[in-house]
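A short worksheet on the structure shown next.
The values are calculated or read from the model by the stated rules, or taken from the named source; none is laboratory data. Bear in mind the structure is a predicted one, so any value in this text is a computation, not a measurement. With ideal geometry, Cβ positions are generated from the backbone for all residues, glycine too; neighbour counts draw on all protein chains shown.
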């Protein structure tokens with residue numbers, strides 16, 4: 001009888017996996033905003049600041065924070081300490097960090113539902129990125145501030161905030177460049193391209209990459225293939241992916257994806273055939289999504305994916321609900337939010353969009369190359385599931401999510417300790433099929449199991 005029960009559950013598992021498909025839906029922002037600082041935290045979509053008119057100027061920024069509870073499906077509001085349109089916020093544990101000025105970071109704690117303010121020691125325009133428990137605030141335009149002590153310094157300042165100790169330290173990259181692409185991969189931080197600014201010679205665009213090993217505090221500098229700037233960057237499974245951007249020779253959008261193999265130290269290039277200005281770009285698992293944008297005097301709706309496991313491109317049959325550009329993005333374990341933007345229906349100024357297109361990936365993604373393999377046993381469990389983390393991955397750097405194939409989330413927690421194996425209780429789960437996801441930095445691992 002036990003064998004028949006097991007066989008039935010496995011059949012149900014395979015059947016449900018086969019019929020699951022990606023889902024698309026839309027939300028409406030209560031207040032229109034372009035390029036809000038966007039993040040998903042504690043099952044809430046948080047949209048902070050941004051532009052509230054089509055002018056997209058410094059005088060058009062807002063301090064409004066719009067928070068959508070994805071479980072309750074309700075909106076609420078908060079306020080930033082200052083009106084701002086800043087960089088993408090970052091998350092450490094239960095807290096999200098929003099850069100709202102040259103010397104100010106607003107911190108939202110999801111556990112206590114409270115806001116606080118963190119001060120940056122040296123005022124700079126900064127781009128935050130997380131490695132472990134530390135936030136690296138990379139200066140991206142220091143020469144805007146003549147009173148800065150870094151006015152005549154050619155090195156790139158990085159102010160590092162330790163979220164555990166509350167202490168600040170300052171590091172310097174070999175040379176300063178404005179607006180580099182900033183990507184973290186494991187214990188390494190990469191600054192790619194950007195430009196030098198000189199009153200005498202004008203802008204000097206670079207073809208270089210600066211890499212910091214945060215464990216040894218050593219830098220290396222290497223060449224990059226193109227003078228491209230404003231490239232969204234992602235670290236996936238040991239490679240960097242720099243998407244599109246603008247050619248700094250003629251300021252025309254490019255359709256290239258530049259791929260850096262960290263182990264080999266080599267670059268390759270893929271033409272993604274999506275030559276568009278300001279699409280929404282996001283990564284989920286091993287896939288990079290490019291949505292919308294502006295091309296050939298038209299606001300685009302189409303969506304293209306780039307599979308980093310195969311270097312293959314696929315144009316989806318699904319389109320955005322509204323053609324637009326200047327699209328912000330946010331994502332969590334299995335969803336991407338393509339947020340707002342601008343469009344035009346005829347002569348006149350741009351119109352701000354209030355639309356959020358929501359992509360929900362199929363839970364069966366663990367069977368596809370979107371997720372990296374994770375060892376979890378026994379596959380048929382009753383009380384406890386044992387998870388073996390990949391070599392070099394520390395539990396304290398990981399977040400775990402447990403999903404049923406009905407789309408319900410059964411667990412969300414930060415792992416603890418430095419051990420390679422974790423014990424997860426399954427005694428409370430109903431019998432059925434489950435997907436376990438473990439997030440380690442920007443790597444996402446997955447395993448499936450059956451609760452008996």
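Quick notes on this one:
Yes or no, residue by residue, for (1) modelled with pLDDT of 90 or more; (2) under 26 Å from residue 295 (Cβ atoms):
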| residue | (1), (2) |
| --- | --- |
| 351 | yes, yes |
| 354 | yes, yes |
| 364 | no, no |
| 371 | no, no |
| 386 | yes, no |
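- Single residue of 260, 295 found to be assigned by TED's automatic domain parsing to the domain that holds residue 223 and farther than 24 Å from residue 240 by Cβ: 295
- Filter result for residue 431 (surrounded by fewer than 20 Cβ atoms within 10 Å (Cβ to Cβ), at pLDDT below 85 and not assigned by TED's automatic domain parsing to the domain that holds residue 241): yes
- Residue 89 satisfies every condition listed in (1) free of Cβ contacts under 8 Å to residues at least 40 places away in the same chain; (2) closer than 19 Å to residue 126 by Cβ except (1).
- Among the residues of region 224-241, those identified as at pLDDT 90 or above, within 19 Å of residue 254 (Cα to Cα) and part of a strand (DSSP E or B) are 233, 234, 240, 241.
- Selection within region 102-125 - in a strand (DSSP E or B) and surrounded by 18 or more Cβ atoms within 10 Å (Cβ to Cβ): 104, 105, 106, 108, 118
- Residue within region 324-340 that is more than 29 Å from residue 404 (Cα to Cα) and surrounded by fewer than 21 Cβ atoms within 10 Å (Cβ to Cβ) present: no
- For first residues located in region 413-424 and in contact (Cβ under 8 Å) with a residue 40 or more places away in the chain, partners that are surrounded by 15 or more Cβ atoms within 10 Å (Cβ to Cβ) and assigned to a strand (DSSP E or B) and lie 6+ apart or on another chain with Cβ distances below 7 Å form the pairs 414/399; 424/385; 424/387.
- Flag for residue 136 being modelled with pLDDT of 95 or more and under 19 Å from residue 169 (Cβ atoms): yes
- Identity of the residue in region 205-220, part of a strand (DSSP E or B) and more than 22 Å from residue 169 (Cα to Cα), that ends up modelled with the lowest pLDDT: 205
- Boolean, residue 268 is modelled with pLDDT of 90 or more and either under 22 Å from residue 239 (Cα atoms) or part of a strand (DSSP E or B) (or both): yes
- Scanning region 48-61 finds one or more residues that are assigned by TED's automatic domain parsing to the domain that holds residue 91, modelled with pLDDT under 75 and surrounded by fewer than 12 Cβ atoms within 10 Å (Cβ to Cβ).
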